[in-house]
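Student: So that we are looking at the same thing, I have put the structure below in structure tokens.
The values are calculated or read from the model by the stated rules, or taken from the named source; none is laboratory data. Being a predicted model, the structure only gives us computed values, none of them experimental. As a convention, Cβ positions derive from the backbone with ideal geometry for all residues, glycine included, and neighbour counts pool all protein chains shown.
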Amino acid sequence: MSDPFELVRAEEMLRGYSARWFDEKLKVLAVEAEYDADLTNPESGAASRTFRLGGKIDAIVEDATGRVLNVEHKTSGEDVSAGSFYWRRLKINSQISGYLVGARALGFDPVETLYDVLGKPGQRPATTPLLDEWGMKIVLDGAGARVKTKDGKKHRETGDSALGYVLQTRPETVEEYRVRVREAICKEPDAYFVRGTVVRLQDEEKEASFDTWQTAASIREGRRLGRHPRNPDSCVRYGAPCSMFDVCTGEASVDDPTRYRRVVNMHEELSASKVGLPLLTNSEQGTYRACPRLHHYRYDLGIRAVVDSDNARFGSLCHVGLEQWWLGKKDGADEATCFGRAVAAMALPPPRHDVAPTTRKEVTL
Ligand code: SF4
């Protein structure tokens, strides 16, 4: 069962999303479209004999003018308003370029990508003042007695740490938290739900394919040599320490089952490649670019942290809801049904991870 506050935060995001976008005239052609495509040498045009490109496109749609678009959902705590750095960065985003290749391998011909961003509400569970039978806040002094105002006519309603006056509070309930999050979203929906289309010109796609090809070559070379350099500049990303930090500093072991698990399928979200070559996904490339050692842990040894970071967990929860919402749209369901499907899916317990036997491969780091 997900944390009830986290669940409510995700539900309110999906509620606002559904109200904001349900009437958009988009025909849903595919949801969670998994592809397995050639990794092509951009100079010779030959297919790699080492890797296939793999991934899952959130959705593929046709707009009112008949144009086909890839859709990519993202949750973000950054400023996602139009013109912000968030959008400027997409010009060189590798996933957008890679997924165009993936959609073509599935027989679609997308002209651009609809980037579908959900801003994460920043509200956290808080405390709320305790009220007396007349609806007044309660402030007690160090002896536990109710404090009065200076003129002695009323009870004081604000604390003062210097004087030892403490405002009495209780934890906010889940439903109070829901109301607070909903109010924040309703106040400025455009800050929470932003969509924009991203175009790739031919030369931009070509440059991206060189990036991918070269990343693949570097991964292959690192495996051949058994060398996986660390990148200490990446030990803190997205405001959190790397999941392998304690291993890299010698304070934890990858064999500690309370901290780490092992997977057999390196891309847990994907099926195996049809032609038997290892798949290279966008997130694997991103991991390699961030830190070859982290890539080695994740994609050579199959090591994953037992507990996901807060950001990753919340992103996955929203993704589960969005998948069901879009499947509902594809099935022609009405808005209430789409939203209901999203909420029901998010309320299910998160999938249990299989823990593979920890037979350790001997490797040179
Ligand atoms: S795996 Fe890389 S990013 Fe992670 S802690 Fe080690 S050096 Fe830092």
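Student: Kindly indicate which of Ser18, Ser97 is in the same structural domain as His319 (by TED's automatic domain parsing), over 25 Å from Leu201 (Cβ atoms) and more than 17 Å from the chain's Cα centre (by Cα).
Tutor: Every option except Ser18 fails the conditions.
Student: Could you count how many residues in the stretch 222-262 are over 15 Å from Leu301 (Cα atoms) and of a type in the set (Phe, Trp, Tyr)?
Tutor: The number of residues fulfilling the criteria is 2.
Student: Oh, and also: Let me confirm something: among Ala46, Ala64, Ala37, Ala82, which residue is of a type in the set (A, V, I, L, M, F, W, C) and surrounded by 14 or more Cβ atoms within 10 Å (Cβ to Cβ)?
Tutor: Step by step, each of Ala46, Ala64, Ala37, Ala82 is checked, and only Ala37 is of a type in the set (A, V, I, L, M, F, W, C) and surrounded by 14 or more Cβ atoms within 10 Å (Cβ to Cβ).
Student: Mind checking which pairs have a first residue in the stretch 160-178 that is in contact (Cβ under 8 Å) with a residue 40 or more places away in the chain and a second that is surrounded by fewer than 13 Cβ atoms within 10 Å (Cβ to Cβ) and not in a loop (DSSP other than H, G, I, E, B), Cβ under 6 Å, 6 or more apart or different chains?
Tutor: Hits for this filter: Thr169/Thr127; Pro171/Thr127.
Student: Go through (1) over 29 Å from the mean Cα position of the chain (by Cα); (2) part of a helix (DSSP H, G or I); (3) within 16 Å of the ligand (Cβ to nearest atom) one by one and return the number of the condition Arg224 breaks.
Tutor: For Arg224, the failing item is (3).
Student: Based on this model, can you work out whether Asn282 counts as at pLDDT 95 or above, polar (S, T, N, Q) and in contact with a helix residue (DSSP H, G or I) (Cβ under 6 Å, 6 or more places away or on another chain)?
Tutor: When the stated conditions are applied, Asn282 passes them.
Student: Mind checking which helices (runs of 4 or more DSSP H) fall wholly inside the stretch 267-340 and carry at least 1 residues that are closer than 28 Å to Ala30 by Cα, in contact (Cβ under 8 Å) with a residue 24 or more places away in the chain and over 16 Å from the mean Cα position of the chain (by Cα)?
Tutor: Answer list for the stretch 267-340: 282-290, 310-330.
Student: Just checking, how many residues over the stretch 227-243 are in contact (Cβ under 8 Å) with a residue 12 or more places away in the chain and part of a helix (DSSP H, G or I)?
Tutor: 1
Student: Is it true that some residue in the stretch 183-204 is within 16 Å of the ligand (Cβ to nearest atom), closer than 30 Å to Arg20 by Cβ and among the charged types (D, E, K, R)?
Tutor: no
Student: Further, regarding this structure: I'm trying to understand the selection: among the residues of the stretch 89-148, which are touching a Cys at 6+ places or on another chain (Cβ under 9 Å) and crowded, with 20+ Cβ neighbours inside 10 Å?
Tutor: Answer for the stretch 89-148, where residues must be touching a Cys at 6+ places or on another chain (Cβ under 9 Å) and crowded, with 20+ Cβ neighbours inside 10 Å: just Leu118.
Student: I'd like to know if the stretch 264-277 contains one or more residues that are of a type outside the set (Val, Ile, Thr), touching a helix residue (DSSP H, G or I) at 6+ places or on another chain (Cβ under 6 Å) and within 12 Å of the ligand (Cβ to nearest atom).
Tutor: No: zero hits.
Student: Filter the stretch 48-77 down to the residues that are in a strand (DSSP E or B) and of a type in the set (Lys, Arg), then identify the one that is farthest from Gly122 (Cα to Cα).
Tutor: Arg49
Student: Among the candidates Ser243, Ser234, Ser253, which residue alone is over 23 Å from Asn311 (Cβ atoms), of a type in the set (S, T, N, Q) and either modelled with pLDDT of 95 or more or within 15 Å of the ligand (Cβ to nearest atom) (or both)?
Tutor: Of Ser243, Ser234, Ser253, the one residue that is over 23 Å from Asn311 (Cβ atoms), of a type in the set (S, T, N, Q) and either modelled with pLDDT of 95 or more or within 15 Å of the ligand (Cβ to nearest atom) (or both) is Ser253.
Student: Take the residues in the stretch 10-44 that are in a strand (DSSP E or B) and of a type in the set (Gly, Ala, Ser); name whichever of them is nearest to Gln214 (Cα to Cα).
Tutor: Looking at residues that are in a strand (DSSP E or B) and of a type in the set (Gly, Ala, Ser), I get Ala37.
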